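Following this message is one structure expressed as structure tokens.
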Amino acid sequence: MASGDPTSDENAAYISATAETLGLTIKPEWMENVARFFAVAKDMAAFVAASGALTDSEQAPVFEPRDAE
Amino acid sequence: MTTPPTTAREIATAVTNGDISAVEVTRRALDLIAEKDAHIGAFTEVTAKRALVEAEAVDKRRRNGEPLGPLAGVPFGVKNLYDVEGIPTLAGSKINRAHPPATADAVLIQRMTAAGAVLLGALNMGEYAYDFTGENAHYGPARNPLDPTRMSGGSAAAVAAGFVPVSLGSDTNGSIRVPSAFCGLYGLKPTYGRLPRTGSFPFCESLDHLGPFARAAGDLALCYDAVQGTDDRDPVCAKRPVALTVPELAKGADGLRIAVAGGYFRKDAEPDALAAVDRAAEALGTSRVIDIPDSARARASAFLITNAESSAFHLDRLRRQAEDFDPDTRDRFLAGALLPASWYIAAQRFRRQFEEAMHKVFEECDVLLAPSTPMSAPLLGQKTMMLGGREVPLRANIGIFTQPISFIGLPVAAVPVRHAGRMPYGVQVISKPWREDLCLRVASVLEAARLAPTQEKAVGLAWCAAH
């Protein structure tokens with residue numbers, strides 16, 4: 001997996017917009033780390049997507065309704 | 001008694017026979033903690049008063065001729081994400097200090113107590129379990145008793161220091177198997193859904209497991225058997241009958257098809273970590289290697305599920321109290337809160353794909369051996385590590401060999417291997433779902449092969465020095 005550029009404009013714009021939508025404050029001194037971790041996750045997501053998992057498989061979680069009291 | 005009992009089995013036998021009282025065992029352990037834990041940092045709360053009450057109750061039952069449990073008088077500690085009645089469940093955080101005290105013990109503590117064990121307190125951990133290092137900005141690090149300049153984890157440190165013979169921890173991506181490796185201990189991560197998590201503070205519900213640490217393979221089985229059983233309050237907990245493992249241990253490895261995990265699990269590790277696996281394989285008489293397909297993708301999926309679920313769980317705390325988090329976990333949680341749902345769902349779908357692939361692997365073998373970590377215990381404060389000739393962040397990469405396995409919930413016994421004069425390594429003894437008995441049988445065989453004799457000596461010295 002190649003490591004994405006954590007400081008890319010694309011990532012920074014997404015992080016800022018999503019954080020604002022969720023009501024999260026990311027202080028400027030935290031941003032470098034947050035962007036680095038986000039970039040790692042982005043690389044991993046691309047790697048997982050390359051398996052075709054998004055469309056080819058059943059999800060792992062199974063919801064089993066329990067008996068009513 | 002000339003030789004003090006050190007394992008859970010020995011202590012329970014001595015207490016049951018009246019060779020030593022549970023109160024005496026408890027006082028000795030509490031004295032040792034009072035004397036030495038300031039240098040280790042294993043405990044965040046010592047429940048001395050409660051422990052002595054519980055120990056006296058065990059002794060009273062014995063005096064009255066009542067039957068004692070299989071863990072009679074055995075001291076233990078729990079990672080501080082387990083509810084302990086009367087104290088807040090910290091889960092390694094500063095934020096949870098403001099929570100009201102737990103009103104009841106976690107289910108696994110209740111079962112340990114019912115078996116006669118004596119709770120000595122709550123153990124240090126990384127904040128909200130997002131950690132393999134045992135470092136904690138709020139409570140200080142849990143130091144490795146084998147070398148206090150190195151990493152551990154409170155639940156492993158308490159056992160390796162000789163404070164308790166067994167402890168209960170949790171493992172989402174490797175937090176039982178990794179500190180077991182670093183401290184030269186045995187650890188059991190049962191099948192996902194085997195043990196109820198009722199009364200524990202979650203990290204990532206899709207991947208959270210609970211399980212024991214011990215200095216002896218037999219003690220793992222003893223503890224595991226004591227806490228087995230379903231519980232409807234944890235919807236993940238399987239409705240399966242108790243499958244006792246202690247009676248199975250004597251079967252050894254006879255008839256088991258054992259192989260070394262190849263490919264991904266033979267790359268990017270220190271030569272000594274791979275040599276530890278090879279020594280275990282040799283002791284078991286196998287040279288067979290089976291490649292585990294798509295392990296890197298399994299690890300990536302575990303990373304995404306962990307990051308997304310845990311961050312969503314903490315979202316409100318991140319909104320209101322981000323500055324109260326440990327900086328080493330805060331930024332990972334903040335990043336995780338931003339992940340698109342499609343990344344998470346793809347990882348959950350891949351979980352099913354990988355499970356199906358591993359079912360095929362287990363048509364060819366019963367047990368797989370793999371390294372627990374790519375290295376021995378890092379130094380406290382260390383931020384990066386070498387992996388395949390590249391310098392990479394430490395925290396995100398300690399678990400590269402444990403994450404693919406817990407991702408699909410396979411049972412694993414972590415077994416210590418120690419090369420002369422060096423820090424220990426760990427070997428994962430992995431089996432098919434619901435076959436903890438096979439993991440523990442092989443762990444017992446490896447224990448008998450004495451692949452970590454220096455560790456036994458170190459623990460023996462720690463205990464004897466205190467008595």
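Between A:Ala12 and B:Arg97, what is the spin-label point distance in nm, taking each point 7 Å from the Cα along the Cα→C-beta axis?
So the two model labels end up 3.7 nm from each other.
Can you compute the charge dipole magnitude of chain B about its Cα centre, using +1 on each Lys and Arg Cβ and -1 on each Asp and Glu Cβ, nothing else charged? Give it in debye, rounded to the nearest 20.
For chain B, the charge dipole is close to 300 debye.
Between B:His138 and B:Arg288, take the C-beta separation as r, use R0 = 30 Å, and let me know the FRET efficiency to the nearest 0.05.
0.05
Right, here's the next one. Using amide H atoms built in the peptide plane, which far-off residues or other-chain residues are under 5 Å from B:Gly121 H to H?
Long-range HN contacts for B:Gly121: B:Thr47, B:Val78.
Would you please give the residues with an amide H less than 5 Å from that of B:Arg194, counting only those at least 5 places away or on a separate chain, with H modeled from the backbone geometry?
It is B:Ala238, by chain and number.
What lysines sit close enough to B:Lys189 to cross-link, taking a C-alpha to C-alpha distance under 20 Å and skipping anything fewer than 8 places away on the same chain?
Output for B:Lys189: B:Lys79, B:Lys239, B:Lys432.
Between the helical axis of A:28-49 and the dominant principal axis of chain A, each derived from Cα atoms, what acute angle in degrees is found, rounded to the nearest 10?
With rounding to tens, the tilt is 50 degrees.
Please list the three semi-axes, largest first and in whole Å, of the ellipsoid equivalent to segment A:9-51, using sqrt of 5 times the eigenvalues of its alpha carbon gyration tensor.
22, 12, 8
So what J values fall out for segment B:350-366 if you push phi through Karplus, 6.51 cos²θ - 1.76 cosθ + 1.60 with θ = phi - 60°, rounded to Hz, Gly and Pro as x?
For segment B:350-366, the Karplus curve yields 5, 4, 5, 4, 5, 4, 5, 5, 6, 4, 5, 4, 7, 6, 9, 8, 9 Hz.
Read phi for every residue in segment B:65-70 and hand back ³J(HN,Hα) as whole Hz from Karplus 6.51 cos²θ - 1.76 cosθ + 1.60, θ = phi - 60°, with x for Gly and Pro.
Calculated HN-Hα couplings, in order: x, 7, x, 9, x, x Hz.
Just name one of B:Val412, B:Cys183, B:Gly92: the one whose Cα is farthest towards the positive end of the charge dipole of the protein assembly as shown (beta-carbon charges, Lys/Arg +1, Asp/Glu -1).
Value: B:Cys183.
List, in order, the whole-Hz ³J(HN,Hα) value for each residue of segment B:260-276 obtained from phi through the Karplus relation with A = 6.51, B = -1.76, C = 1.60 and θ = phi - 60°; use x for Gly and Pro.
With the stated coefficients, segment B:260-276 comes to 8, 6, x, x, 3, 7, 10, 10, 6, 10, 4, x, 5, 5, 6, 5, 5 Hz.
Report the paramagnetic label zone for B:His419: residues of segment B:171-188 whose backbone N is under 18 Å from a point 7 Å from Cα along the Cα-to-Cβ axis.
Those under the cut-off are B:181-185.
When the convex hull of the C-alpha atoms of segment B:275-332 is computed, what volume per residue in Å³ does it have?
130
Under a Cβ-only charge scheme (Lys and Arg +1, Asp and Glu -1), can you give me the dipole magnitude of the protein assembly as shown about the Cα centre, in debye to the nearest 20?
That gives a dipole near 780 debye.
Output the Cα-based Rg and Dmax of the protein assembly as shown in Å, rounding Rg to one decimal and Dmax to a whole number.
22.2, 74
OK, next. Rounded to the nearest 5, what is the percent of antiparallel bridges among the DSSP beta bridges in the protein assembly as shown?
So the antiparallel bridges in the protein assembly as shown amount to around 70 percent.
Give, rounded to the nearest 20 debye, the magnitude of the charge dipole that segment B:133-289 has about its Cα centre when Lys and Arg contribute +1 at Cβ and Asp and Glu contribute -1 at Cβ.
220
Give the aspartates and glutamates whose C-alpha is closer than 17 Å to that of B:Lys36, dropping any in the same chain fewer than 8 places away, or say none.
By straight Cα distance, B:Lys36 reaches B:Glu45, B:Asp147.
I need the calculated FRET efficiency for the pair A:Ala68 and B:Glu205, taking r as the beta carbon distance and R₀ as 30 Å, to the nearest 0.05.
0.85
Roughly how far apart, in whole Å, are the Cα centres of segment B:63-118 and segment B:155-204?
What the calculation gives is 15 Å, centre to centre.
Could you quote the convex hull projected area for chain B, Cα atoms only and averaged over all directions, in nm²?
Reported value for the Cα convex hull: 20.3 nm².
Could I have the simple spin-label model distance between B:His359 and B:Ala449, label points 7 Å from Cα toward Cβ, reported in nm to one decimal?
3.1
Any idea how far apart B:Asp316 and B:Gln382 come out in nm if each label point goes 7 Å out from Cα toward Cβ?
Between B:Asp316 and B:Gln382, the simple spin-label model gives 3.9 nm.
Could you check what % of the DSSP bridge pairs in chain B are antiparallel, to the nearest 5?
Beta bridges within chain B, antiparallel portion: roughly 70 percent.
Using only Cα atoms, what is the ratio of the radius of gyration of segment B:1-95 to 2.2 N^0.38 Å?
Against the empirical 2.2 N^0.38 Å value, I get 1.18 for segment B:1-95.
Amide H to amide H, which residues 5 or more places from B:Val260 or on other chains are under 5 Å from it, using H placed in the peptide plane?
Residues meeting the amide H criterion: B:Arg288, B:Val289, B:Ile290, B:Leu369.
Values in this text are rule-based calculations from the coordinates and carry no lab data. The structure presented is a predicted model; accordingly, all values stated were derived computationally and were not measured. Here the Cβ is made from the backbone with ideal geometry for all residues, glycine too, and neighbour counts use every protein chain on show.
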